[in-house]
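Just so it is clear, none of the values below were taken in a lab; they were calculated from the coordinates. Keep in mind that what you see is a predicted model, and the values were worked out from it rather than measured. Cβ atoms come from the backbone with ideal geometry, glycine included; neighbour counts cover every protein chain shown.
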Amino acid sequence: MKKEAKEKENLIQLQNSKALSLSRNSVLQRAQAMADYQWVLKSKNENYSSANAKRPTYLVGKTGVTCTGIPYCWGGFFGMDRSSVSACKNYADALSQGYTAGDINTTGYYKGSTAGLDCSGFVSAAYGYTSKKGTSNFATIGKKVTSPSSMDFYVSTSDGHIVLYAGVKTAGERYYTYEATTAGSEKAKKYSRSLEYLKTNNYELRSPF
């Protein structure tokens, strides 16, 4: 391995280790806070055309309405207490500055002036990372485990998605998850996934704890 690549790997590992200072319960509370966050959609946050973004369907016709859950935003890392944009402290601050709420256009890269969380942004924020990790990064974070515990994660590089494990919904069939997803209402939320889905789409169970 070249020196530059090794130094970069060491830096990533050092950054990743920060999440280990959080307990499983703290991570759960952070995930719940993003899923339960209430905010009002204002007209200044609906500039989807100019941002080349696509409005989450659950926000259609919701101007002036109190919404629950930070919206899905492709490439987004705007949580309760952090943001990938230095000019914004968090999701609420981004909205106050007129950022567009959410983006479900998953082509290309993050689109400027949009705010919210994509799947890896959600997990990064839940784990307390100060910068966003991509799905491919999570495939090497922590260690493989055979049996899930609260706030471990399932990640699939082929499916391009990551979810936090939140308990058993139906024994041997379905798990509760916390995730930011375009499935159903496109936002951060408590959801569920079948074990068959996880297996078919090559999800790997890993733990950073």
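Here are the numbers for the structure shown:
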| read-out | value |
| --- | --- |
| Value of [θ]222 nm, deg cm²/dmol, for the chain, DSSP H segments ≥ 4, -39500 (n - 2.57) each, nearest 500 | -6500 deg cm²/dmol |
| Of TYR127, TYR178, TYR37, the one that fluctuates the most in a GNM where the chain has Cα springs shorter than 10 Å | TYR37 |
| The chain: relative contact order in percent, alpha carbon pairs under 8 Å with at least 6 residues between | 22 percent |
| Selected from GLU196, GLU179, GLU46 as most flexible by GNM, with the chain as the system and alpha-carbon contacts under 10 Å | GLU196 |
| Segment ALA139-GLN38, extension gain: residue separation times 0.36 nm, minus the distance between their alpha carbons | 33.2 nm |
| The range 53-156, relative contact order in percent, only Cα pairs under 8 angstrom and at least six apart counted | 28 percent |
| Nearby aspartates and glutamates by direct alpha-carbon distance to LYS143 (threshold 14 angstrom, same-chain neighbours under 8 apart not counted) | ASP152, GLU204 |
| Vicinal HN-Hα couplings computed from phi for the range 65-79 (Karplus, 6.51 cos²θ - 1.76 cosθ + 1.60; Hz; Gly/Pro x) | 9, 6, 10, 10, x, 5, x, 5, 9, 4, x, x, 9, 10, x |
| Extended-chain gain in nm, criterion 0.36 nm per residue less alpha-carbon gap, GLU196 and THR106 | 29.9 nm |
| Mean separation of Cα contacts under 8 Å (6+ apart) over length of the range 70-129, as relative contact order % | 46 percent |
| Using alpha-carbon coordinates, inclination of helix 3-16 to the longest axis of the chain, degrees | 70 degrees |
| Hull-based mean projected area of the range 43-141, where the convex hull spans the alpha carbons, in square nanometres | 6.2 nm² |
| Residue among SER84, SER150, SER96 with the largest mean-square fluctuation in a Gaussian network model of the chain, springs linking Cα atoms under 10 Å | SER96 |
| Diffusion constant of the chain at 20 °C, which comes from Stokes-Einstein with the Kirkwood Cα-pair radius and 1.002 mPa s, µm²/s | 124 µm²/s |
| Cβ-based exposure ranking for SER158, SER83, in which fewest neighbours within 10 Å come first | SER158, SER83 |
